[in-house]
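Take a look at the structure below.
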Protein chains: 2
Amino acid sequence: MMELTRKGEYAIRGIVYLAGKPIDKVCLLSDIAAAVDVPPTFLAKIFQQFSKIGLVKSFRGTGGGFLLGRAAENITLLEVVEAVEGPIIPNRCVVTPSDCERSDFCNVHPVWKRVQGEVRSVLEGVNLKELASKERSDINN
Amino acid sequence: MMELTRKGEYAIRGIVYLAGKPIDKVCLLSDIAAAVDVPPTFLAKIFQQFSKIGLVKSFRGTGGGFLLGRAAENITLLEVVEAVEGPIIPNRCVVTPSDCERSDFCNVHPVWKRVQGEVRSVLEGVNLKELASKERSDINN
DNA sequence: CCCCAAAAAGACTATTTATATCTTTTTAGG
DNA sequence: CCTAAAAAGATATAAATAGTCTTTTTGGGG
């Protein structure tokens, strides 16, 4: 359970690739897609979503392509994931405080809240600069 | 993302209900289903899974029904969730160490490992006795 | 031995979500 | 105005989710 979709995986690959390029290097979608091994048409959809919320900047026409919207160290993994997958919701009951009519008496509700907090916290603690660096920031595995 | 399915939600409701009953009280599936508001046929499938791995004991025929397989305090929420949803896998790449051919150079791999660890840890820290108690073990929300 | 109660097992269905692809439109440069 | 490239929208396929229905097995009681 709790599995990231392909879309999420592809989104991360694509934007991490961008983060590894010089800040002013405009990248073609087709090049990015080829480099990170994702279907170009699919990646296009993903980058459109990124573009709408400013995670990347896009330029159309000749010489067009994509740039990172902000400095890589100011974009967290959480933002990237939530941009394409939506909010981190381990269970419906945590969507809004009042949403779940069982939450008054249900002891598992606070557990899901805690799960949500932990996951968000881990993902928020990682930025694209770290992810794009050649150095392994962590022990493998 | 990372959402528990209905099946998982129903599974928890059902087994927490059992955990709230006297240890030797054999409960009818139909009663459990009605009490926790889940489709009886669906809950039947879920309890069959529980039964196979010993989370609950089942008795057939007249006077049959279900009991908790072990003391409620010895069953963690993690076991219950994994029983019906499978292992906690935030991304395919964490399934097996060698499974992901990107894991050599991919910095996000260890992040997913950390997410997995945190989620498992939270769920493992909660048992059915706590979940079934009338006292709120935690602040609401 | 027969009947009834209840869970187990298996087949089947419908809906939704995931995973794309294809076509057309817009924008920009040369 | 021609070409390059992204944006937008429509469509297609496959898989997972969320169930239902039917038949079988098991066990108790008369």
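The values are calculated or read from the model by the stated rules, or taken from the named source; none is laboratory data. Bear in mind that the values here come from a model prediction, so they are computed numbers and not experimental data. For neighbour counting, all protein chains shown are included, and Cβ atoms are generated from backbone atoms with ideal geometry for every residue, glycine included. Just the protein is used for accessible areas: all its heavy atoms, side chains included, with ligands, DNA and RNA removed. Shrake-Rupley method; radii C 1.70, N 1.55, O 1.52, S 1.80 Å.
Here's how it looks for residue A:57: its modeled amide H is under 5 Å from those of A:67, A:68, A:69, which are all 5 or more places away or on a different chain.
The phi torsions of the stretch B:76-83, fed into the Karplus equation with coefficients 6.51, -1.76 and 1.60 and a -60° offset, translate into couplings of 8, 4, 4, 4, 4, 5, 5, 4 Hz, rounded to whole numbers, with Gly and Pro shown as x. Shape index of the protein assembly as shown: Rg/Rh, with Rg the Cα radius of gyration and Rh the Kirkwood radius from the inverse mean 1/r over Cα pairs, equals 1.07. Rounded to the nearest 20 debye, the dipole size of the stretch B:18-98 about its Cα centre is 240 debye, using +1 on the Cβ of Lys and Arg and -1 on the Cβ of Asp and Glu. Across the stretch B:57-71, coupling constants 3J(HN,Hα) worked out from phi with the 6.51/-1.76/1.60 Karplus curve, θ = phi - 60°, read 9, 10, 10, 9, x, 3, x, x, x, 10, 10, 5, x, 9, 4 Hz, and Gly and Pro carry x. Where does helix B:109-124 land angle-wise versus the long Cα axis of chain B, in degrees 0 to 90, nearest 10? Tilt of helix B:109-124: around 20 degrees.
Isolated cysteines in chain B, defined as those with no second cysteine Cβ under 4.7 Å, comprise B:27, B:106. Determine which residues of the stretch A:57-77 fall in the zone a paramagnetic label at residue A:31 would reach in this model, i.e. backbone nitrogen under 13 Å from the point 7 Å along Cα→Cβ. Only A:63-68 pass the distance filter.
The candidates A:47, A:105, arranged from most to least accessible area with a 1.4 Å probe in the full protein assembly, appear as A:105, A:47.
Distances between placed amide hydrogens fall under 5 Å for residue A:75 paired with A:128, A:129, all partners being 5 or more residues away or on another chain. Each 10 Å bin from 0 upward holds the following percent of the Cα-Cα pairs of the stretch A:1-129: 12, 39, 27, 15, 7, 1, 0. The value of relative contact order for the stretch A:6-132, using C-alpha pairs under 8 Å at least six residues apart, is 29 percent.
Across the stretch B:18-32, coupling constants 3J(HN,Hα) worked out from phi with the 6.51/-1.76/1.60 Karplus curve, θ = phi - 60°, read 4, 5, x, 9, x, 4, 9, 7, 7, 9, 6, 4, 5, 5, 4 Hz, and Gly and Pro carry x. Fully extending the segment from residue B:53 to residue B:121 would add 22.4 nm, taking 0.36 nm per residue of separation and subtracting the current Cα-Cα distance.
Taken along the Cα-to-beta-carbon direction at a fixed 7 Å, the label points for residue A:129 and residue A:92 span 4.2 nm.
When Lys and Arg each count +1 and Asp and Glu each count -1, what net charge do the other residues less than 15 Å away from residue A:51, Cβ to Cβ, add up to? Net charge around residue A:51: +4. Label sites at residue B:42 and residue A:60, each approximated as a point 7 angstrom past Cα along Cα to Cβ, lie 4.4 nm apart. Relative to the longest principal axis of the Cα atoms of chain B, the long axis of helix B:40-52 lies at roughly 70 degrees.
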